[in-house]
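To start, the structure itself, in C-alpha cells.
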Amino acid sequence: MKKNSIMALFLFGCSLQTMAQSTTDFTPMEDVNHVTDLTFDSLELANTTRPVPGSSRRGNHPVLFLVGNSTMRTGTKGNGDNGQWGWGYFVHEYFAPDRSPVENHALGGMSSRTFYRKLWPDVKKGIRKGDYVIIELGHNDNGPFDSGRARASIRGISPTDSLCVTIRETGEKETVYSYGEYLRRFVKECKALGACPILLSLTPRNAWDEKNPGHLVRVNETFGLWARQVAEEQDVPFVDLNEISASKFDRFSTWKVDYHFYLDHIHTSEFGARLNARSAAEGLAAATHPALKALQSDLTNLTLPVTNVKREEGKPVVFITGDSTVKNEDKDENGMWGWGSQAASIFDTDKITIDNEAMAGRSTRTYLEEGRWERVYNSIRPGDFVLIQFGHNDISDIDGEKARGVIACAQDTSHVYRIHTGNKNYNEVVYSFGWYLKKFIDDVREKGGTPILVSLTPRNEWPGGKIERRNDTYGQWYRAVVAETAVEFVDLHNITADALDSIGREGAKAYYNHDHTHTSLLGARLNAQDIAKGLRAIDSPLAEYLK
C-alpha cells in the first residue's frame, strides 16, 4: 500500500474517533508542576545506570518492579547528585532482599503514555509469573498532546476516548488514550505475564490546599480517583500513597514540609523520598487485597525505631542528646566522663525519667544520619523534655573520611557534597549547624515536647590567661537559632567557663581528662551542676524536676 493511502486511512480513522467522542473534553490538563524534567531527553545516558529487567532475581523468588517517574527515580543517574531523590531508591529497605528484590525502572519525565510507549516493552521482558509491578504515574500526564515533550494523556479513565495526533517536531503519528486506559493496559499486560500489578496514587506536591487550610492538596478527584477506579475495575491492589504521605505532611510545620522537597515543589529531598518509601510500604502492609499476601510476608522494618527508655506512669522523660562531652566511657573513676552520666545528681528521678541518648564522636549531622535522632523523635510524648547539645564535632571534615562536618553558620543553607569514606562514594545534602538545630527543635515541638538548647562545653585551652570561649562562632549561631525559634537556651559554655576562670588554669586541669575537650568525673559533675544552674536562671519548666 502506498504511503499516501496509509496516511489517508490514518486520518480517516482519526476523524471517525473524533466524531464518536465529540462530547469529550480534550483540553490538555494543566501542568501544575511547572518543572522541566529533562531526564527522558538523556535516555541513552540514563539507560547506562538503569537495571536490566529481571537482573536482580534470586533463584525462583519474585521481583518487585517499580514503574514511575522522577518522584520514584530522580535524575539521569538516580543517585541524588542534585540533592533530589526518588522514593524508589529507599523502598528496598522494607523488603527482604533475598526474597523480594526491588528493581527501580522509573525514569524522570515519563507520563503513563510515554512510559507505556518508550520503556514498558523492555521492562516486560524481565517480568515473570509471580512478580509484582508497582505503577505510580501521572505527574507528567499534562501539557500538550502533540508538541514539546508531547506526553499528555486524556483526562479520566474512558476505554474508548482517543485522540490521533501528529507530533509537530517529528511528524510522528500517534493515538493518545486516557490516563485510565494506559493504566488498564499496564494491568492487563502484567496479568498476561502472570504478575500482580499494584496501582499507587501520586506522591504529594508541596502545595497547600486553599480550601482546606493546614492540609496539602490531594489528587483524590483526579489521578488518585482514576487509579483507584481502574484498580477496582480490574480487581488489583491499590495504595493511596498520596493520602498516606500527605496526612503525615499535614502534621508538620510549613518549614519541615519545605525541606522534604528540594529545588522545587515536586521533587523530594532524601527526607521526602524516605517518607514516601515508608508510606508505600505501610500502604502495602495495610492493603487487604488477597493478591498481596505473599508480598506482605516479605515486608520488614515497618516498626518505628525508638529508644529503650522505660516509662513510668505520670512521669515525663528528659531525653539528653549530644556527643562525648555528654556521654563517654562513664565507668572508670579516672577515665573520661560525660555530664549526662551525672544527670541523676541534679534531677529528681522520683519525678522524671532520664534517658541519655548522646553518643561520642557525633555531630548534629551524623546524629541525624545514623538514625539516633529518629529514635528520640519517635519516643517523645507530650510533656517530655529534650536537651540538645552539639558542636565539638560539627566544624570538621565535611566530605572526607569522617564526613561529619556541617556548614558553619546558622542560616538555612545546604549544598550537595560528594562524600568519600573508605570504599564508599555517595552524594549527600549537607546543611548548616543552625539548620540541624532548628530541625531538632521543630521535631520536639511537633511531638508536644519541650526542646532546650544547650551550648557546648568549653575546652581546656587558655589564650591570654582566660579559658577559651567560642562566642563569635558557636555562641553566635546558638543565639541566632534562639532568636529565630524562641527555644529555651542554657548557655552551659559560658556558665562553666566562668566557673573555670575563677578556679584558674592549674586548678582547671582536674576537670579534664587526657586532652582539652573530654572531662573527668569532676568536670562532668561541674557541667551537670551548671546545667541545673542554667535551667533555674531561665526559669525553665524543667527546673521543677531538679533536686
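The values are calculated or read from the model by the stated rules, or taken from the named source; none is laboratory data. From a predicted model like this one, the values you see are computed outputs, not experimental measurements. As a convention, Cβ positions derive from the backbone with ideal geometry for all residues, glycine included, and neighbour counts pool all protein chains shown. Areas reflect the complete protein model, heavy atoms only, side chains present, ligands, DNA and RNA absent. Shrake-Rupley method; radii C 1.70, N 1.55, O 1.52, S 1.80 Å.
Has segment 173-189 got any residue that is in contact (Cβ under 8 Å) with a residue 24 or more places away in the chain, in a loop (DSSP other than H, G, I, E, B), surrounded by fewer than 21 Cβ atoms within 10 Å (Cβ to Cβ) and not β-branched (Val, Ile, Thr)? Among the residues of segment 173-189, not one is in contact (Cβ under 8 Å) with a residue 24 or more places away in the chain, in a loop (DSSP other than H, G, I, E, B), surrounded by fewer than 21 Cβ atoms within 10 Å (Cβ to Cβ) and not β-branched (Val, Ile, Thr), which makes the answer no. When His493 is tested against (1) at pLDDT 95 or above; (2) within 30 Å of Thr349 (Cα to Cα); (3) open to solvent by less than 40 Å² (accessible area, probe 1.4 Å); (4) out of contact with any Pro (no Cβ under 9 Å at 6 or more places or on another chain), just one condition goes unmet, and that condition is (4). Among the criteria (1) open to solvent by 10 Å² or more (accessible area, probe 1.4 Å); (2) in a loop (DSSP other than H, G, I, E, B); (3) at pLDDT 95 or above, the one Asn79 does not fulfil is (3).
Checking the stated criteria, Lys248 turns out not to satisfy the condition of being of a type outside the set (Gly, Ala, Ser), at pLDDT below 95 and either crowded, with 22+ Cβ neighbours inside 10 Å or farther than 14 Å from Met72 by Cα (or both). Could you please find all residues in segment 428-442 being touching a Gly at 6+ places or on another chain (Cβ under 9 Å) and open to solvent by less than 10 Å² (accessible area, probe 1.4 Å)? Val430, Phe433, listed by residue number. Residue pairs whose Cβ atoms lie under 8 Å apart, separated by 6 or more positions or on different chains, with the first residue in segment 283-308 and within 26 Å of Lys129 (Cβ to Cβ) and the second in a helix (DSSP H, G or I) and of a type in the set (Phe, Trp, Tyr), are Leu299/Tyr94; Thr300/Tyr94.
In segment 155-164 there is no residue matching the filter, namely being within 37 Å of the chain's Cα centre (by Cα) and crowded, with 22+ Cβ neighbours inside 10 Å.
Where helices (runs of 4 or more DSSP H) fall wholly inside segment 347-463, the ranges with 1 or more residues that are closer than 21 Å to Lys248 by Cβ and touching a Pro at 6+ places or on another chain (Cβ under 9 Å) are 372-379, 433-446. Filtered by the rule that a residue be assigned to a loop (DSSP other than H, G, I, E, B) and either open to solvent by 70 Å² or more (accessible area, probe 1.4 Å) or farther than 20 Å from Ala281 by Cβ (or both), segment 200-216 gives Arg205, Asn206, Ala207, Asp209, Glu210, Lys211, Asn212, Pro213, Gly214, His215.
What tally of residues in segment 387-405 results from selecting those that are of a type in the set (Asp, Glu) and under 16 Å from Arg372 (Cβ atoms)? Explain how you work it out, then say what you get.
Filtering segment 387-405 for residues of a type in the set (Asp, Glu) gives 394, 397, 399, 401.
Applying the additional criterion that residues be under 16 Å from Arg372 (Cβ atoms) yields 394.
Selection size over segment 387-405: 1.
Can you tell me which residue is least open to solvent (accessible area, probe 1.4 Å) among those in segment 504-517 that are part of a helix (DSSP H, G or I) and more than 15 Å from Arg459 (Cβ to Cβ)? Top of the filtered list is Gly507.
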